[in-house]
Protein chains: 2
Amino acid sequence: MSKVLIFGHQNPDTDAITSAISFAYLQNKLGVEAEAVALGDVNEETAYALNHFGVKAPRVVETIGNETKQVMLVDHNEAQQSVADIKDLEVLAVVDHHRIANFETANPLYYRAEPVGCTNTIILKLFKEHQIDIPADIAGLMLSAIISDSLLFKSPTCTPEDVAAAEELAAIAKVDIQSYGLEMLKAGTNLTDKTADELLDADAKSFPMGDKNVRIGQVNTVDINDVLSRQAELEEAMAKQNADNGYDLFLLIITNILDSDSVALVAGEPKEKVEEAFQVTLDNNTALLKGVVSRKKQVVPPLTEAF
Amino acid sequence: MSKVLIFGHQNPDTDAITSAISFAYLQNKLGVEAEAVALGDVNEETAYALNHFGVKAPRVVETIGNETKQVMLVDHNEAQQSVADIKDLEVLAVVDHHRIANFETANPLYYRAEPVGCTNTIILKLFKEHQIDIPADIAGLMLSAIISDSLLFKSPTCTPEDVAAAEELAAIAKVDIQSYGLEMLKAGTNLTDKTADELLDADAKSFPMGDKNVRIGQVNTVDINDVLSRQAELEEAMAKQNADNGYDLFLLIITNILDSDSVALVAGEPKEKVEEAFQVTLDNNTALLKGVVSRKKQVVPPLTEAF
């Protein structure tokens, strides 16, 4: 077996970065020459976690075929979310917690997916199955991913397994989940030196709904008014993105990670679908979405339904 | 959760049938209302195993949507090998040891694949992970699948994990692996009352190679001459299948399960690709393939290379 590179999805979040690190550590212990790499720079939340536990960020790669032909994927499987030259590589293993699509191999492989809230919850099981101890710094990074993906257990994607895994990892990492978790999440909400487009692009995905093209971005904050103070600038940038990229409707979900509510900011048409989906009335293009924190589970389904 | 049906691939072999039974047993113990079903009648080898351990064959289904919408797949994932209405169903879980292709879900799921020789080797791990005891009859069926897929550990697809699993299961089932295994394999080699087409169709797959369409069938026997005594009849049926179905080349691999050699019987063109692939000279359209028992690992790759 040649050297194996391990990486998470493009626009990496904390789970994508740290699951590459934790799974590469496990593979090394199992005798595989593996290295964690990343398909993009770490965000500020991830940088906080890496710094806290004294671990270097994985190096960023554009393509992989120039280094090796064998890879393992974490926190994703779909080709369009993966490295540019994925079609030329052999995928030896996948550990993931998403749906499976646009994924095909020529040979049998190791594939481990479970419908839990975080890839690192599954990787913790793999450590236990192989009876390999997790060092405190790796455990801290794995815990950080669970906190990130579950917004400190408040997301509806969080399962009892994720909570139990976080508690187990916190004991190894010797950190208090609530205080560390809040500091880490806050580190990811430093939005002041970001342009409007950076806020819109940081975590945005496109969805075809009916015959419309809907763009849904999300930003986390500890004070929604901080973001809304830039409403005019954001609306202008959303309108320009709509025109430039053919989006019909742009929905920015501004999530308060402290009280687990969100405000939707809307540009484009048909805006009434947002009102219908969430049973709200838009006021100055905004509406409070009580208890909404998950795009995957709480925004896309009702909006799809409305269309 | 509504009732869940669990099944292996079309033209089921012993692993497809028994992994549905063993995984359904495990799911029942985990509190899921699950039933093993089959996408075709059991073959004679599987019937021998079921009879030996006193377990009824799963009922055969043509479609599933009329009964339930939720399924779990074992020993396959590709849509064309699955139930006819798979696209209308939700796949909750997959346990498999093949490549992944033509498989897509809308939601996150449980997916467990490992590059081992038999699905039941993986299912044994799942029993242990959940700390659920395996009854003797289920253990016997799981052992039968490993013996079948590995041709009593002689196939190159067999891994040390498969051998260890078989030994563990044999201890629970209280059978001698060699004597039971040989009797079971022999039960699958009763070819005398089969038509030529039944022999050709029992375990056949099509492969595009270069610009040709190659059909490769395989039959197991304890005496290759038994099968070759029907060579003229077989060649006629192969030529007719080639003409009727647009195959260019038909390769029948007749495998002696006792000495782990095969004889290739060839109809159609270009026959010289067979000579090239296996470095043999055809004599009366046949050639001995020393040590060849696995279509997946020992026939398809060199033949693909030759084309």
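The values are calculated or read from the model by the stated rules, or taken from the named source; none is laboratory data. In this text, all values refer to a predicted model and were calculated from it rather than measured experimentally. Here the Cβ is made from the backbone with ideal geometry for all residues, glycine too, and neighbour counts use every protein chain on show. Protein only, heavy atoms only, side chains kept; ligands, DNA and RNA dropped before computing areas. Shrake-Rupley method; radii C 1.70, N 1.55, O 1.52, S 1.80 Å.
(1) under 21 Å from A:Arg99 (Cα atoms); (2) touching a residue at least 60 places away in the same chain (Cβ under 8 Å): which one isn't true of B:Asp96, the others all being true?
Every listed condition holds for B:Asp96 apart from (2).
Take the range A:118-145 and flag every residue that is without any contact (Cβ under 8 Å) to a residue 60 or more places away in the chain and out of contact with any His (no Cβ under 7 Å at 6 or more places or on another chain).
A:Thr121, A:Leu124, A:Lys125, A:Lys128, A:Glu129, A:Gln131, A:Asp133, A:Ala139, A:Leu143
Looking at this structure, is A:Asp149 free of Cβ contacts under 8 Å to residues at least 60 places away in the same chain and among the charged types (D, E, K, R)? Walk me through it before giving the result.
Values: free of Cβ contacts under 8 Å to residues at least 60 places away in the same chain: no; among the charged types (D, E, K, R): yes.
Taking the combined requirement at face value, the residue does not satisfy it.
Tell me, yes or no, whether the range A:181-204 has at least one residue that is touching a strand residue (DSSP E or B) at 6+ places or on another chain (Cβ under 6 Å), basic (Lys, Arg) and crowded, with 17+ Cβ neighbours inside 10 Å.
no
Quick check: anything in the range B:137-150 under 18 Å from B:Val37 (Cα atoms) and either open to solvent by 60 Å² or more (accessible area, probe 1.4 Å) or over 19 Å from the mean Cα position of the chain (by Cα) (or both)?
Yes; the residues of the range B:137-150 include at least one that is under 18 Å from B:Val37 (Cα atoms) and either open to solvent by 60 Å² or more (accessible area, probe 1.4 Å) or over 19 Å from the mean Cα position of the chain (by Cα) (or both).
Say whether the condition of being touching an Asp or Glu at 6+ places or on another chain (Cβ under 6 Å) and farther than 25 Å from A:Gly291 by Cα is met by at least one residue in the range A:241-256.
Looking only at the range A:241-256, we keep the residues that are touching an Asp or Glu at 6+ places or on another chain (Cβ under 6 Å), and these are none.
Scanning the range A:241-256 turns up no residue that is touching an Asp or Glu at 6+ places or on another chain (Cβ under 6 Å) and farther than 25 Å from A:Gly291 by Cα.
Kindly establish whether B:Ser179 is over 20 Å from A:Arg112 (Cβ atoms), of a type in the set (Ser, Thr, Tyr) and within 19 Å of the chain's Cα centre (by Cα).
no
Cβ-Cβ distance below 6 Å, separation of 6 or more or different chains: which pairs start in the range A:155-180 with a residue that is free of Cβ contacts under 8 Å to residues at least 12 places away in the same chain and not assigned by the TED database to the domain that holds A:Asp133 and end on one that is open to solvent by less than 10 Å² (accessible area, probe 1.4 Å) and assigned to a helix (DSSP H, G or I)?
Cβ pairs passing all conditions: none.
Taking the criterion of being of a type in the set (Lys, Arg) and closer than 22 Å to A:Asn190 by Cβ, would at least one residue in the range A:234-244 satisfy it?
The answer is no; no qualifying residue exists.
Does the range A:83-113 hold any residues that are among the charged types (D, E, K, R) and either under 18 Å from A:Leu39 (Cβ atoms) or open to solvent by 10 Å² or more (accessible area, probe 1.4 Å) (or both), and which are they?
Result: A:Asp85, A:Lys87, A:Asp88, A:Glu90, A:Asp96, A:Arg99, A:Glu104.
Just wondering, is there one or more residues in the range A:277-288 that are farther than 18 Å from A:Val227 by Cα and open to solvent by 80 Å² or more (accessible area, probe 1.4 Å)?
Yes: one or more hits.
Give me the pairs: first residue in the range B:290-301 and loosely packed, with under 15 Cβ neighbours inside 10 Å, second residue not in a helix (DSSP H, G or I), beta-carbon distance under 6 Å, and six or more apart or on different chains, which are they?
B:Lys290/B:Asp261; B:Lys297/B:Pro156; B:Lys297/B:Thr157
Can you name every residue in the range A:2-46 that is in a helix (DSSP H, G or I), in contact with a Leu (Cβ under 9 Å, 6 or more places away or on another chain) and open to solvent by 10 Å² or more (accessible area, probe 1.4 Å)?
A:Ile21, A:Glu45
From the list B:Ile224, B:Ile216, B:Ile253, B:Ile257, which residue is within 19 Å of B:Leu282 (Cβ to Cβ) and surrounded by fewer than 21 Cβ atoms within 10 Å (Cβ to Cβ)?
One residue alone meets the criteria, B:Ile224.
Limited to the range A:225-245, what total is found for residues that are out of contact with any Ser or Thr (no Cβ under 8 Å at 6 or more places or on another chain) and over 14 Å from A:Ala267 (Cβ atoms)?
2
Just the residues that are open to solvent by 30 Å² or more (accessible area, probe 1.4 Å) and more than 24 Å from A:Ala106 (Cβ to Cβ), please, taken from the range B:260-276.
Passing the criteria: B:Glu269, B:Lys271, B:Glu272, B:Glu275.
Inside the range B:227-244, can you point out the residues that are farther than 24 Å from B:Asn43 by Cα and open to solvent by 20 Å² or more (accessible area, probe 1.4 Å)?
Selection gives B:Ala232, B:Glu236, B:Ala239, B:Lys240, B:Ala243, B:Asp244.
Kindly check whether there is at least one residue in the range A:57-73 that is surrounded by fewer than 21 Cβ atoms within 10 Å (Cβ to Cβ), in the same structural domain as A:Thr157 (by the TED database) and within 22 Å of A:Leu182 (Cα to Cα).
Within the range A:57-73, one or more residues are surrounded by fewer than 21 Cβ atoms within 10 Å (Cβ to Cβ), in the same structural domain as A:Thr157 (by the TED database) and within 22 Å of A:Leu182 (Cα to Cα).
Those residues that are part of a loop (DSSP other than H, G, I, E, B) and of a type in the set (A, V, I, L, M, F, W, C), I need them from the range B:47-67; list them, please.
B:Phe53, B:Val55, B:Ala57, B:Val61, B:Ile64
Are any of the residues in the range B:48-55 open to solvent by 20 Å² or more (accessible area, probe 1.4 Å) and either in contact with a Lys or Arg (Cβ under 9 Å, 6 or more places away or on another chain) or not assigned by the TED database to the domain that holds B:Met142 (or both)?
There is at least one residue in the range B:48-55 that is open to solvent by 20 Å² or more (accessible area, probe 1.4 Å) and either in contact with a Lys or Arg (Cβ under 9 Å, 6 or more places away or on another chain) or not assigned by the TED database to the domain that holds B:Met142 (or both).
Report, by residue number, each residue of the range B:202-228 that is assigned to a helix (DSSP H, G or I) and touching a residue at least 40 places away in the same chain (Cβ under 8 Å).
B:Leu228 - this is the single residue of the range B:202-228 that is assigned to a helix (DSSP H, G or I) and touching a residue at least 40 places away in the same chain (Cβ under 8 Å).
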